[in-house]
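Each value in this text was obtained by applying a stated rule to the coordinates, not by laboratory testing. Keep in mind the model is a prediction, meaning the values are calculated, not measured. Cβ placement follows ideal geometry from the backbone for every residue including glycine, while neighbour counts extend to all protein chains displayed.
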Amino acid sequence: MRANSCLTDLQQAAASREDLKIKPFVLRGTPVWIAGLESLIQHARTRYEILGSLPETPCSFEELAASLFGEFVPSSELLGKLLQGKLAVLSGDGARAFVLESEPAELKRAVDLPKEETIVGAPSAAFVEDLNTNVGLLRRTFVSADLQVEYVSLRGSADKRIALVYLRSEAPPQLVNEIRGRLSAPSRHPVRSDQALISLLTGTRWQLISPLYNTELPEQVSDELLRGRVALLMEGQCTAAITPSSIRNFFTMFSDKHFPYPLMLAIRAVRIIGLLVALLLPGLYVALIAVNPETLKIELALSLAMSRLDVPYPAFIEIIIMLFIIEMVVEASLRLPKSIGPTITMVGGIILGQAVVQAQLVSNLVIIVLAATTISNFTLVGFHNALTIRFLKYSIVCLSAMYGIMGLFAGLIGFILYVSSIRWYGIPFMRLR
Amino acid sequence: MQRNPSRLPIYLFIVGTHTGLIFFLYAHATLRTTAYAHWQPAVVYICIEALCLFLLLAGLARVPGKDFADLFIPLGKVASLLLLTPLVAYFLLVSLMVMRSFAELVRIMFVANTPMWALLALLVLLFMFGAFMGGDSILRANVVFSALFLPVLLFALSSCFKNADFHYLYPLWNSSFDFLRKEEFYSSMFVVSPFLVIGMLPSLGPLRPRGVFLTMLPIWALCLIALHIPILVFGTPAARLLVFPFLATMDSVSLLWLVFDRVTLFYAVSIMAFVSVHASFLLWSIGRIVHKRFPKCPEKPVIAAAAVALFVWGLMIPGWDWLQNMLFWETWLRILAVFVIPAAVLWRGLILSRRRAAP
């Protein structure tokens, strides 16, 4: 090993990383080099704290390391530690180095209200991007020695950490082992998103339903942990991913339990009906208008026919056009700045509600069907789940256009069969308990 | 966290497979066996089913976790083929009949202009999809179907009582028992066959014979009710003429407050769910049995081949009359499947349990 390998390596690294600062310093009579990324560390405060925690007498390099709780690392790992926001202290000759915790720069968001899952009358602290804060939030919500936290470093992605959280008494050991094993398997893609995480966990990217149920509410996570599931908290993600997901996650939230039991049942029934409406209503419209008008009462069939009198194309095209427009409105309003949001909803509302009908491009009824479908879609719990249903309704619309009512229900039966066949880690997705 | 697996899916599955037949082909099949007092053949069917079910369950209970294939394959090449081939053929025939009759019903009800191949393609794809998903998935899906469609079906059925005239029940007694001498009685015996699927259930979950029998009680009651609904509405002579007595009965109901013109709609979609469960499970059973007998044949290609066979066969059947003729031709196969298979299961069960008792 070269005498000053740590120092020269760092200096070479600093050439292309100008926020990496290496400065000479004298600590209690010992000349040292202090290195750290100024983008991640508050240098002045860190130095102040270091000096405060040292004894007043002169110290050797080893004594410095001991009194600062430093961890000696080889030259090869030094840069990685610095990138995690640690501070390095190098000996005067640059041959040895230890790292220690530093005062981090203000890069973290404070714990805040949930952004996606607004809930009524329940504790509402939500996860943030920092992993330690999130684990802390969980520990605060669920005070129990039973709560296990394991950090798993994902292979193939630079120092991305995932916290595996579960209850020892509830989670089946084989489930925890299976998930731990899959997480530590080498991944083809760097795991930066849920998509990569899903393909790591299940080996496929083509499932329509996710094995993860994402929530930003610690209270929800603790409820799921009590049901024997495992929560994955990924560094840099402000949601916890609960796995394996289940059909319950489409309809139920823990916060429902803050209401009296009958009301909770009623709320959940609304969500189940919402799922059926969101999935079936556009298809039902196409089936009733285009293929099976005779199943309706004659008065109703006639009034429907009247409303479509001037519409120049078949019901299938009509509803597909309008469904696409509403998808675009939803998609656009997701990412719009708050100041422009109302504009798009107003324009969208006018286009969809009034102008299109007055121009006789679509019938009145389509607007009603569309509104009901869109609203009912968002009664479902979880944005991912709503997205699945949003996507699947198109296949049912197509089947309805071909086979009418029979196609509609063939689609529903197929959907139920598909959902029933899903298993995560050998546990069926379709289970109520 | 490991809990005992619930038996509810299995019981609901037994209800589901029976429902698919009871409210679909049962009434017509039983009505054509005699001129009046139809409860007599119905009760005889129930007794036959109860007896065969008893044999089957008595056999299965002695060797928990074993299905038809597991029981018969150790008998050797020839014997296992002799027992399993008719069973597979019978499963295929029942799926064919159910599928083809349902296509006929849908054509009458919903899509008169759609070509038969398109209808059969949809049904076959649906059944094949279900079979690919596997037996336990079908069982789970059936729980959802039961929750969604059983209430709808019961609503549609109860609405029929609006037009019922209970005088049509008479005469109650037919002392000649002429149905026993009629070929129709034996060709209609497929209505008791759904109990055979129970023989494929042990690999999916534990069976409790008493639970299965208790599940059958409401099913048998439903059989009697289902049979009498068309009679109560139309009278025996008229009901006997109808190909789909249920459909006609439902068509006769008009509910003012309903958005839809006919309650038939609800009837047909509910039947579709249970028919799919039944046929998918039969296809899956075929795949399972063939795979166990010939381990080199993977399940999915066998299921796909069976589905293609169903499709082609279904297309070759020109119409309803031909379907009825087919019922006559396969009477022997049916008697073999309904009587011989349960007896063979009991025999195997007795032998295996005795062998285990005396090591």
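Packing here is the average count of other Cβ atoms within 10 Å per residue, and on that basis the peptides A:405-418, A:351-364, A:17-30, highest first, run A:405-418, A:351-364, A:17-30.
Relative contact order of the range A:157-233: 53 percent, from C-alpha pairs under 8 Å at least 6 residues apart in sequence.
Only Cα pairs under 8 Å and 6+ residues apart enter the sum, and on that basis the relative contact order of the range B:8-352 stands at 42 percent. Helix B:135-160 axis versus longest C-alpha principal axis of chain B: approximately 20°, rounded to the nearest ten.
Here the calculated FRET efficiency for B:V340 and A:A371, from their Cβ-Cβ distance with R0 = 51 Å, stands at 0.25, rounded to the nearest 0.05.
By a straight-distance test (C-alpha under 21 Å), which lysines pair with A:K297 as possible cross-link partners, with residues fewer than eight away in the same chain excluded? Excluding near neighbours in sequence, the set is B:K162.
The range B:32-51 and the range B:326-359 have Cα centres spaced 23 Å apart. Computed 3J(HN,Hα) for the range B:102-118, one whole-Hz value per residue from the Karplus formula 6.51 cos²θ - 1.76 cosθ + 1.60 where θ = phi - 60°, is 5, 4, 4, 4, 5, 5, 5, 7, 10, 10, 5, 8, 6, x, 4, 4, 5, glycine and proline marked x. With a Förster radius of 41 Å applied to the C-beta separation of A:L113 and B:V43, the computed FRET efficiency comes to 0.05.
Note on the range B:199-222 and the range A:378-433: Cα centroid distance 29 Å, given to the nearest whole angstrom.
In plain terms, the residue of A:H189, B:H228, B:H18 with the fewest other Cβ atoms within 10 Å comes first and the most crowded comes last, giving A:H189, B:H228, B:H18.
Using the Cα gyration tensor of the range A:258-428, with a ≥ b ≥ c the square roots of its eigenvalues, what is the shape: rounded (a/c below 1.5), prolate (a/b larger than b/c) or oblate (neither)? Judged from the Cα gyration tensor, the range A:258-428 comes out oblate (a/c at least 1.5, b/c at or above a/b). Listed from fewest to most Cβ neighbours within 10 Å, the set B:I303, B:I46 follows the order B:I46, B:I303. With 20 Å as the limit, write out which pairs from A:K115/A:K160; A:K115/A:K393; A:K86/A:K160; B:K77/B:K300 have Cα-Cα distances beyond it, or answer none. As for pairs spanning more than 20 Å Cα to Cα, those are A:K115/A:K160; A:K115/A:K393; B:K77/B:K300.
Electrostatic tally near A:P173: other residues with Cβ closer than 14 Å to its Cβ, Lys and Arg +1, Asp and Glu -1, net -1. Summarising the amide proton neighbourhood of A:R96: residues at separation of 5 or more, or on other chains, whose placed amide H is nearer than 5 Å comprise A:S91.
Which FRET efficiency value, to the nearest 0.05, do you get for B:S203 and A:E150 by plugging their Cβ-Cβ distance into 1/(1 + (r/R0)^6) with R0 = 56 Å? Show your work: numbers first, answer last.
Working: r = 36 Å, r/R0 = 0.65.
Using R0 = 56 Å, I get an efficiency of 0.95.
Could you tell me which of rounded, prolate or oblate describes the range B:19-124, using a ≥ b ≥ c as the square roots of the eigenvalues of the alpha-carbon gyration tensor, with rounded for a/c under 1.5 and, failing that, prolate when a/b is larger than b/c and oblate otherwise? Here the range B:19-124 falls in the oblate category.
Working note: 222 nm ellipticity from helices only, DSSP H runs with n ≥ 4, each -39,500 (n - 2.57), summed and divided by the residues of the protein assembly as shown, gives -18500 deg cm²/dmol to the nearest 500. The residue list A:C398, A:G236, A:S303 was ranked by how far each Cα lies along the charge dipole of the protein assembly as shown toward its positive end, using unit charges on Cβ atoms, and A:C398 comes out on top.
Taken residue by residue and averaged, Cβ atoms of other chains lying within 10 Å of the Cβ of B:260-271 number 3. A cut-off of 5 Å between modelled amide H atoms, ignoring neighbours fewer than 5 places along the same chain, links A:R431 with A:I247, A:R248. Here the spin labels are modelled as points 7 Å beyond Cα on the Cα-Cβ line, and at B:K296 and B:E183 they lie 4.2 nm apart. Neighbour counts of other Cβ atoms within 10 Å put A:M264, A:M322 in the fewest-to-most order A:M264, A:M322.
Taking the range A:79-109 and a reference point 7 angstrom along Cα→Cβ of A:L51, the backbone N atoms nearer than 17 Å belong to A:103. The angle separating the long axis of helix A:261-286 from the principal Cα axis of greatest extent in chain A is about 60 degrees. Using a Gaussian network model of chain B in which every pair of alpha carbons under 10 angstrom is joined by a spring, one finds that among B:G319, B:G76, B:G349 the greatest mean-square fluctuation is at B:G76. Spatial offset of the range A:222-275 relative to the range A:73-137 amounts to 29 Å, using the alpha carbon center of each. The dipole here belongs to the range A:131-245: it is taken about the Cα centre, uses +1 on the Cβ of Lys and Arg and -1 on the Cβ of Asp and Glu, and is about 380 debye. For the protein assembly as shown, what class follows from the C-alpha gyration tensor (a ≥ b ≥ c being the square roots of its eigenvalues): rounded when a/c is under 1.5, otherwise prolate if a/b is larger than b/c, else oblate? Taking the square roots of the gyration eigenvalues as a ≥ b ≥ c, the protein assembly as shown is prolate.
Evaluated with a Cβ-only charge set (Lys, Arg +1; Asp, Glu -1), chain B carries a dipole of roughly 1400 debye about its Cα centre, given to the nearest 20.
Between the Cα long axis of helix A:173-183 and the first principal axis of chain A there is an angle of about 80°, rounded to the nearest 10. Charging the Cβ of each Asp and Glu at -1 and of each Lys and Arg at +1, and nothing else, the dipole of the protein assembly as shown about its Cα centre rounds to 2140 debye. Take each residue in A:163-175, count the other chain C-beta atoms within 10 Å of its C-beta, and the mean is 1.
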